[in-house]
Amino acid sequence: MTGNDDLLLRGGMVHTCGPDGTLQADVLIKGTRVAQVAPQIEAPGAEVIDVSGKTVTPGFIDAHSHLGAARYGDNDSSDTSAPATPTLQVLDSFDPMDPSISDALFGGVTTVMLHPGSPMSFGQQVETINVIPGQSAIIKTAFEDGRPRVLREPAGVKMALGEHPKRVFDEGDSGPHTRMKMLAIIRQHLLEAADWLAEKQNSEGEGNQSEQDGDGRAAEFQHAALAGLLQGSLSAHVHVHRVKDIRLALNLAEEFGLSVVLEHATEADRVAAGLAEGEVPCVVGPITFSRRGTELANLSLQLPARLAEAGVKFALMTDHPTYPSQHLPLMAGVACREGLSFSEALLSITRYPAEILGIDDRTGSLEAGRDADLVVHSGDPLEADNTICGVMCEGEWEFGYRQEGISYDWIEGRERT
């Protein structure tokens, strides 16, 4: 199939993750987009694939990942040369040869939010993360001309509060050594960005184009991302675990009028009512991690169910390579076992992350006009014994449909023929 051909997937159990819910239906794809999802679609001239007995879902979205930038033994995603590095752009460290990218795609993960910073580490190792690690990006895991398909860059600014930044700079003179210092560092950078933005707007209002000179471009490079936070075009994605750090993040958001997403949010269930009232979303997990140290002492597998009960919008994450990205649906399955409904669990790796990341007009559900990102499964997509039968991204089979399931070579990172 090419991107310009019509394709009809006939007779599958389709979890649209949209207004139509789940139904026995056909999926009509025209070019790169979903054209229609309905029972018994007539599409003369379309290629027809019978997927009766199979399950069809949107492509999964891993809303917090270091895929392609952090490989154990070769971590290129976190720079702690200074307490704050807001100019860093995560795609500058992206390695398209990382075999984990193909693994993720085979697992049905078609979209990821890439963050600078450190994945969660095991044992006594401490996450090497500073207070403002830099700028994030959203990509598809399918490539074009050897490069990832970028949905948005920058897609947000990563920040971090809590014990991990303190420990990284524990022996340095610059700090931060306390939460007071962390917040002071963030405030200083935001205030400098606000001053630059005000000066830029005044200059433009007076018709002065001096910002186009070398100094102007350098200043824009230094401040533009944080100015995007102040203007509301970007969100702050804040690494937090404990309640006191969640409250600090919320106070900071109120002080500067920021849109904030809580990342990890280990103790978010303890303030869930306030998060729901304030419509503060969370990207939680990895929920199957160990309760290591004070930050994770209250980690619970029931966190997703508690957030859902309170009405907090959340997505699940793998924090790849903390856990391999292809295990994202298994995380949702564990949450389902621990009290989260099946529909909410599936939404937490499809539509909800799309909404949190602001890409729900493109992906996250199977609706007319959305990107044709989908996965065909042998059965329940959240069960460990589920087999992937096909993975499509933007209307092209990345792993072509196999009724019996795809045999994947985990060493070579490709379909076994």
(request) Quick one: which residues, 5+ away or cross-chain, put their amide H under 5 Å from the amide H of GLN36? H built at 1.01 Å from N. (result) LEU28
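By the scheme Lys and Arg +1, Asp and Glu -1, what is the net charge of all other residues having a beta-carbon under 13 Å from that of SER136?
On the way: positive: ARG152, LYS158; negative: ASP62, ASP92, GLU153, GLU263.
Residues close to SER136 contribute a combined charge of -2.
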(request) State whether the chain is rounded, prolate or oblate according to the following rule on the C-alpha gyration tensor (a ≥ b ≥ c being the square roots of its eigenvalues): a/c under 1.5 gives rounded; otherwise a/b larger than b/c gives prolate, and the remaining case gives oblate. (result) prolate
(request) Sort GLU344, GLU383 so the one with the fewest other Cβ atoms within 10 Å of its own Cβ comes first. (result) GLU383, GLU344
(request) Name the residue farthest towards the positive end of the dipole of the chain from the options ILE356, SER203, ALA310, assuming +1 on Cβ of Lys and Arg, -1 on Cβ of Asp and Glu, about the Cα centre. (result) ALA310
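For the chain, what does the relative contact order come out to in percent, with C-alpha contacts under 8 Å and a separation of six or more?
Values: 983 pairs, mean separation 81.9, N = 417.
Normalised by residue count, the contact order of the chain is 20 percent.
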(request) Determine ³J(HN,Hα), in whole Hz, for all residues of segment 332-348 in sequence, where each value follows from phi through the Karplus function 6.51 cos²θ - 1.76 cosθ + 1.60 and θ = phi - 60°; x replaces Gly and Pro. (result) 5, x, 5, 4, 5, 4, 9, x, 7, 5, 4, 5, 5, 4, 5, 5, 6
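Once every DSSP H run of n ≥ 4 in the chain is given -39500 (n - 2.57) and the sum is divided by its residues, what mean residue ellipticity at 222 nm do you get, rounded to the nearest 500 deg cm²/dmol? Numbers along the way, then the final one.
On the way: 10 runs with 110 residues, N = 417.
Rounded to the nearest 500, it is -8000 deg cm²/dmol.
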(request) Positive end of the charge dipole of segment 100-192 (Lys, Arg +1 and Asp, Glu -1 on Cβ, about the Cα centre): tell me which of LEU190, PRO119, ASN130 has its Cα farthest that way. (result) LEU190
(message) My understanding is that a pair violates if its Cα-Cα distance is over 28 Å; which of LYS140/LYS181; LYS30/LYS54; LYS30/LYS140 do that in this structure?
(response) LYS140/LYS181
(message) Cut-off under 22 Å on the C-alpha distance; same-chain residues fewer than 8 positions from LYS313 excluded. Which lysines are left, in chain and number order?
(response) LYS158, LYS244
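Values in this text are rule-based calculations from the coordinates and carry no lab data. Keep in mind that this is a model prediction, so the values were computed, not measured. Every residue, glycine among them, receives a Cβ derived from its backbone with ideal geometry; neighbour counts consider all protein chains shown.
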